[in-house]
Amino acid sequence: MTASLGTHSLRTLTMALDPATLSGLNVSSADSLLGALSTDDPLCWLRRGEGLVGLGQIAIFKGTGPSRFSDAERWWRKLLLWADVSDSIRMPGTGPMAFGSFAFSKTSSFRSVLIVPELVVGFFGGTAWLTQLSLDCATPTTDSALALLRRELAGSAISTTPGPASAGTVQSGALTEAQWKDTVSAGVAAIARGGLEKVVLARDVVATFDDPVRRVSILQRLLDLYSECWTYGVRGLVGATPEILIKVDGSTAQARVLAGTLDREDEPAGSTGFASTVLGGSIKQRQEHDFAVRSLVRQLTPFASDLSFPPEPFILELPNVWHLASDVTAELASSNGHLPSSLALVEALHPTAAVCGTPRDDAGRLILQLEKMDRGPYAGPVGWMDGAGNGEWGIALRGAVLEDSRHARLYAGAGIVEASDPEAELAETWAKFRPMLQALNLHTHT
């Protein structure tokens, strides 16, 4: 029995989906499943045709404030306490699982959520599976799970063929461009006074449409255009992030740190090695990246028996930008016979220097003072976790909050150090807005 969830315990059944079953469903990958759904509000975490798609909802946690992560962890553990689990596959993401989105700030009014779906379809490493989750008395069966999935696939696929630019406008949000450049200058001045090494400052813009936008269409365009990123969808939050806060698979944890950005529109025609020379050779960009790596390693070290990261970052090439990137790997240390869960690591690591600054507390206070907005879920953790403690949590970047069918709020930020130039940082935010502008079929920011 679980508190506040009625008298029924969680029951889950995970079954393999063989090629014949998938063919009968006219589904070959996570991407094709997304396009065949009759619903417009799936939960998802997808990359390169693999990942997880969640449908429906049987339970939800909502929380705010500094204890939002620990409150969610307790809620999840209580839900698992009496769970009846049938799982013949036993891979990360099978059995009991939940999708989540958490506010960036402990002061935010945005309600962080963990959502337990009714169905999950997973694809990874050539294995496909279907999980039915229930709080009903009836135990899920193979027939009931497949029947529910067929019901969700009753609609027709949504086309991803690029159309003409949407009839929409983009306007400044909390701050105009001029005001935001003044904010960057204020950040630079604060760093120059000493004590603060870096602060990440974000801004928002609002897209307004004449006709309703389709959430699934947005997700499909992101999958098509940004296949190297992790496309996420949790309620109104959608996007394609290039940055993994933490991934836990058994006793191994991995993170991808991104800091240092170069707009690909600046690339000269026919050039080779442009990003390595300009981005990799920039003292300002390397400094920003080193701050982010050192911060993450410092926060992850207490949970690790072994930790490694490369001495030099690599250049991550995305359709809109290049980033300096470093992959950090850790072997997790057990405490009283237990390994930390992915959500426990999220609480320890968030917010990283890549989205907040260094020192973290000082940067966080300056963000609240200068940005003049509530970031909500922007730059907060987004992803999934399962009952074994595994999970993948990205940082909610390159995304938007769909406030209703005709309004979307987009967010983008830039790492500010003492050498930052306000005009260049403004241009960087427009480069980071580009994925969502493309996904919304808005081709300009004017």
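Kindly indicate whether residue 104 is touching a residue at least 60 places away in the same chain (Cβ under 8 Å) and touching a Cys at 6+ places or on another chain (Cβ under 9 Å).
Yes; evaluated as a whole, the condition is true for this residue.
Only one of 174, 190 is in contact (Cβ under 8 Å) with a residue 40 or more places away in the chain, of a type outside the set (Lys, Arg), within 30 Å of residue 326 (Cα to Cα) and touching a strand residue (DSSP E or B) at 6+ places or on another chain (Cβ under 9 Å); which?
Every option except 190 fails the conditions.
Sort out which residues of the range 298-343 are surrounded by 14 or more Cβ atoms within 10 Å (Cβ to Cβ), over 18 Å from residue 200 (Cβ atoms) and of a type in the set (Val, Ile, Thr), and write them in order of number.
315, 328, 329
Hey, does the range 151-164 have a residue that's in a helix (DSSP H, G or I), at pLDDT below 95 and over 19 Å from the mean Cα position of the chain (by Cα)? Give the derivation first.
Taking the range 151-164 first, the residues in a helix (DSSP H, G or I) are 151-152.
Now narrow it down to the ones that are at pLDDT below 95: 151-152.
Filter once more, so that each one left must be over 19 Å from the mean Cα position of the chain (by Cα): 151-152.
Yes, there is a match, as at least one residue in the range 151-164 is in a helix (DSSP H, G or I), at pLDDT below 95 and over 19 Å from the mean Cα position of the chain (by Cα).
For residue 275, only one of the following conditions fails: (1) touching a Phe, Trp or Tyr at 6+ places or on another chain (Cβ under 7 Å); (2) at pLDDT 85 or above. What is its number?
(2)
Does residue 412 qualify as being touching a helix residue (DSSP H, G or I) at 6+ places or on another chain (Cβ under 6 Å) and at pLDDT below 95?
The answer is no for residue 412.
Filter the range 382-397 for residues that are part of a strand (DSSP E or B) and within 17 Å of residue 111 (Cα to Cα) and give the result.
If the condition is that a residue be part of a strand (DSSP E or B) and within 17 Å of residue 111 (Cα to Cα), then 382, 383, 384, 395 are the ones that fit.
Results for (1) in the same structural domain as residue 261 (by TED's automatic domain parsing); (2) assigned to a strand (DSSP E or B); (3) over 29 Å from residue 389 (Cβ atoms), shown as yes or no for each residue.
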| position | (1), (2), (3) |
| --- | --- |
| 290 | yes, no, yes |
| 294 | yes, no, no |
| 298 | yes, no, no |
| 302 | yes, no, no |
| 306 | yes, yes, no |
| 312 | yes, no, yes |
| 316 | yes, yes, no |
| 324 | yes, yes, yes |
| 329 | yes, yes, no |
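Suppose we filter 379, 400, 353 for residues that are assigned to a loop (DSSP other than H, G, I, E, B) and modelled with pLDDT of 95 or more; which single one remains?
Only one candidate passes the filter, namely 379.
The values are calculated or read from the model by the stated rules, or taken from the named source; none is laboratory data. It should be emphasised that the depicted structure is a prediction, and the values quoted were computed from it without experimental measurement. Please note: Cβ atoms are built from the backbone with ideal geometry, for glycine as well, and neighbour counts cover all protein chains shown.
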